[in-house]
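Notes to accompany the following structure.
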Amino acid sequence: MAAQSLTWPRELADVLWLLQSPALIRRDRYPLVGDARLHLAGQQLQAQWQDQDRDRLAAEAAEWVTAQPRTYKLGIRAEALLVWALRQLPRFRLLASQLQLRDGSTCLGELDFLIEDRVLQRYEHWELALKFFGWSGAAWVGPDSKDLLTQKLQRMQGRQLALSQTNAFQDWLEQQAPEAKRSPWQRRLLSRGFAFVPWGKALPTDQAEVSRHAQQGWLLHRDRLPSAAEFPSIHRWASLPRDLWMSRYVHDRDRAGIVAEARSLLELAAIAPQDTAQFVVGCNAQGIEISRGFLVHPDWPQMANHPPT
């Protein structure tokens, strides 16, 4: 992401992160939305925003997100931001978003995005895969040990993407977008997020899900923290809520929303909430994030849904 976007409001920075970040998931294993056209879309938005009031744009984006249901969930918030952004891009026509597909009285599931790409002249069904997972040594596990990335991706590929192959979807097209029924549909995962590997370790080469180009962070158990000497460039630490997990943290812009802050990682680990894994960032002297990771419980990933107290 361009360095200048660090001075932009959080909503705009998150949109650019969603469009321009590298894919989290391996392209040779899963059908992904192409990064090149999304990166170009981000560049086009940046150019459009150069001469506009960015605070006003961010307020419009925030108002749109707030008006949508369930945006306290990070994935739903990200979907809402993408809808707001896609509507500003002439290349894409958004036929529907968060579409609940029904077969009579039965809800079959929800489709994230139905898109017409006017440049490529084709229709696409996108599902957003926004994931933040840690490497356990054997699998990618959620920071609170509740989810496995493999299972999440299998469900998205086998169930979510398959929704646009159902008779119910064809019926919806017939009623709402008959011109799109005459064309073949492509199905893609829009894959974003971070892969967190144990402190001092490299991304494993024998795992089948995460791309080697994915954005990475570190993972530390609370009872095995390295000394402050391991972080010579970090001047402050902050524990962040989920709505600050996407684009890079900037202290002057984002500090009002943080969970806790401290001068050292040891101090932060002591004062941050203990009942869940903590997403933390380290900032340089200018208050800009230069490191991010998860602080997890001592028995992660074996910990069940009820962590020790």
*Look at residue 235 and say whether it is within 24 Å of residue 7 (Cα to Cα), touching a residue at least 12 places away in the same chain (Cβ under 8 Å) and surrounded by fewer than 20 Cβ atoms within 10 Å (Cβ to Cβ).*
yes
*Give just the number: which of (1) at negative phi; (2) modelled with pLDDT under 95 does residue 70 not satisfy?*
(1)
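Given the structure, is residue 220 buried (at least 17 other Cβ atoms within 10 Å of the Cβ) and either over 23 Å from the mean Cα position of the chain (by Cα) or part of a strand (DSSP E or B) (or both)?
Values: buried (at least 17 other Cβ atoms within 10 Å of the Cβ): yes; either over 23 Å from the mean Cα position of the chain (by Cα) or part of a strand (DSSP E or B) (or both): yes.
Answer is yes for this residue.
Where in the range 242-305 are there strands (runs of 3 or more DSSP E), lying fully within it, with 2 or more residues that are surrounded by fewer than 21 Cβ atoms within 10 Å (Cβ to Cβ) and among the hydrophobic types (A, V, I, L, M, F, W, C)? Don't jump to the end; show me each part of the working.
Details: elements: 260-262, 278-283, 289-296.
Here the list reads 260-262.
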*asked:* Can you confirm whether residue 101 is touching a residue at least 24 places away in the same chain (Cβ under 8 Å), within 25 Å of residue 247 (Cα to Cα), aliphatic (A, V, I, L, M) and surrounded by 14 or more Cβ atoms within 10 Å (Cβ to Cβ)?
replied: no
_Can you pull out every residue in the range 140-160 that is surrounded by fewer than 16 Cβ atoms within 10 Å (Cβ to Cβ), free of Cβ contacts under 8 Å to residues at least 40 places away in the same chain and either outside any helix (DSSP H, G or I) or not assigned by TED's automatic domain parsing to the domain that holds residue 30 (or both)?_
147
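The values are calculated or read from the model by the stated rules, or taken from the named source; none is laboratory data. The shown structure was predicted, so the numbers you read here are calculated from the model rather than taken from an experiment. A quick note on method: Cβ atoms are made from the backbone with ideal geometry, for glycine too, and the neighbour counts reach across all protein chains shown.
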